[in-house]
1. Name the pairs whose Cβ atoms lie under 7 Å apart, with the first residue in segment 150-179 and within 18 Å of residue 113 (Cβ to Cβ), the second in a loop (DSSP other than H, G, I, E, B) and more than 16 Å from the ligand (Cβ to nearest atom), and 6 or more positions between them or separate chains?
2. Quick one: would you say residue 106 is in contact with an Asp or Glu (Cβ under 8 Å, 6 or more places away or on another chain) and within 16 Å of the ligand (Cβ to nearest atom)?
3. Assuming residue 136 fulfils every condition listed in (1) more than 16 Å from the ligand (Cβ to nearest atom); (2) aliphatic (A, V, I, L, M); (3) more than 27 Å from residue 17 (Cβ to Cβ) apart from one, which condition is it?
4. Tell me which residues, restricted to segment 7-45, are among the aliphatic types (A, V, I, L, M), within 13 Å of the ligand (Cβ to nearest atom) and more than 20 Å from residue 162 (Cα to Cα).
5. Count, please, the residues in segment 148-172 that happen to be within 16 Å of the ligand (Cβ to nearest atom) and either touching a Pro at 6+ places or on another chain (Cβ under 6 Å) or at negative phi (or both).
6. Return only the number of the condition from (1) within 14 Å of the ligand (Cβ to nearest atom); (2) within 13 Å of residue 79 (Cβ to Cβ); (3) not hydrophobic (A, V, I, L, M, F, W, C) that residue 48 does not satisfy.
7. Pick out the one residue from 165, 150 that is at pLDDT 95 or above, surrounded by 20 or more Cβ atoms within 10 Å (Cβ to Cβ), more than 17 Å from residue 86 (Cα to Cα) and touching a helix residue (DSSP H, G or I) at 6+ places or on another chain (Cβ under 9 Å).
8. Filter segment 175-217 for residues that are assigned to a helix (DSSP H, G or I) and within 20 Å of residue 16 (Cα to Cα) and give the result.
Amino acid sequence: MKFFVDTAEIDQIKELNDLGMVDGVTTNPSLIAKSGRDILEVTKEICGIVDGPVSAEVVALEADDMLAEGRKLAKIAPNIAVKVPLTWAGLKTCKTLSDEGTMVNVTLCFSANQALLAAKAGATFISPFIGRLDDLNMDGLELIEDIRTIYDNYGFETNILAASIRSANHMSECAKIGADVATAPPAVIKAMANHVLTDKGLDAFMADAKKAGIKIV
Ligand code: G3P
């Protein structure tokens, strides 16, 4: 499963990228706003740090305006994936941009039917939001399973990009289901390494090494 980092914070992207944990980056208007940076400037900088797809989201709602924004974003760098919302205007824009050879990430997906429409519109990525469904006592991971089943049934090439990831457990569950990508905040990716028995075991090893005076260098 590929890891995308869900942030527009340059230092956090660089840190995880140096650890080899970044196959791509996703941003959205909220994350760009949080960074306090100009969207074109910060997106270009991110595209210079990572080799993989970098998702940048349009802020228009009408198809013609979305297309104009999408074409401008696509010019930033070859690894740009233009992010459009799952509306009919977004699907129309997705079809046009995909036909032009631009990677498209269709976002704000909350149902299997929406994911089916995005695949038929030629999306490179579909972003189902797990956490926001869980927030409403719905089962976000079940949506990933359903989309996986449907896409495999018909051989759709659209990549399932699990989004709105809230925990390390979401990451392993997405991997078990067979999501192509999971995009997570830096803190969630870091938390994947945590295990109390690893810490406890390491403490015991270190205590024994100290007691025995083990020296390597
Ligand atoms: O990319 C979508 C993601 O940023 C949304 O996450 O935690 O706001 O639901 P969240």
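1. Between residues of segment 150-179 that are within 18 Å of residue 113 (Cβ to Cβ) and residues that are in a loop (DSSP other than H, G, I, E, B) and more than 16 Å from the ligand (Cβ to nearest atom), the close pairs are 151/158.
2. Working: in contact with an Asp or Glu (Cβ under 8 Å, 6 or more places away or on another chain): no; within 16 Å of the ligand (Cβ to nearest atom): yes.
It is false that residue 106 is in contact with an Asp or Glu (Cβ under 8 Å, 6 or more places away or on another chain) and within 16 Å of the ligand (Cβ to nearest atom).
3. (1)
4. At the first step, the residues of segment 7-45 found to be among the aliphatic types (A, V, I, L, M) are 8, 10, 13, 16, 19, 21-22, 25, 31-33, 39-40, 42.
Imposing the further condition that a residue be within 13 Å of the ligand (Cβ to nearest atom) reduces the set to 8, 25, 31-33.
Of everything in segment 7-45, just one residue is among the aliphatic types (A, V, I, L, M), within 13 Å of the ligand (Cβ to nearest atom) and more than 20 Å from residue 162 (Cα to Cα), namely 33.
5. Within segment 148-172, the first condition is being within 16 Å of the ligand (Cβ to nearest atom), and the residues that meet it are 159-171.
Filter again for either touching a Pro at 6+ places or on another chain (Cβ under 6 Å) or at negative phi (or both), leaving 159-163, 165-171.
Total satisfying the criteria: 12.
6. (1)
7. Details: 150 fails: surrounded by 20 or more Cβ atoms within 10 Å (Cβ to Cβ).
The conditions single out 165.
8. Looking only at segment 175-217, we keep the residues that are assigned to a helix (DSSP H, G or I), and these are 175-177, 186-191, 196-212.
Within segment 175-217, 175, 186, 187, 188, 189, 190, 191 qualify.
The values are calculated or read from the model by the stated rules, or taken from the named source; none is laboratory data. Model, not experiment: these values are computed from the prediction. Because the Cβ atoms are built from the backbone with ideal geometry, glycine has one as well, and the counts that use them run over all protein chains shown.
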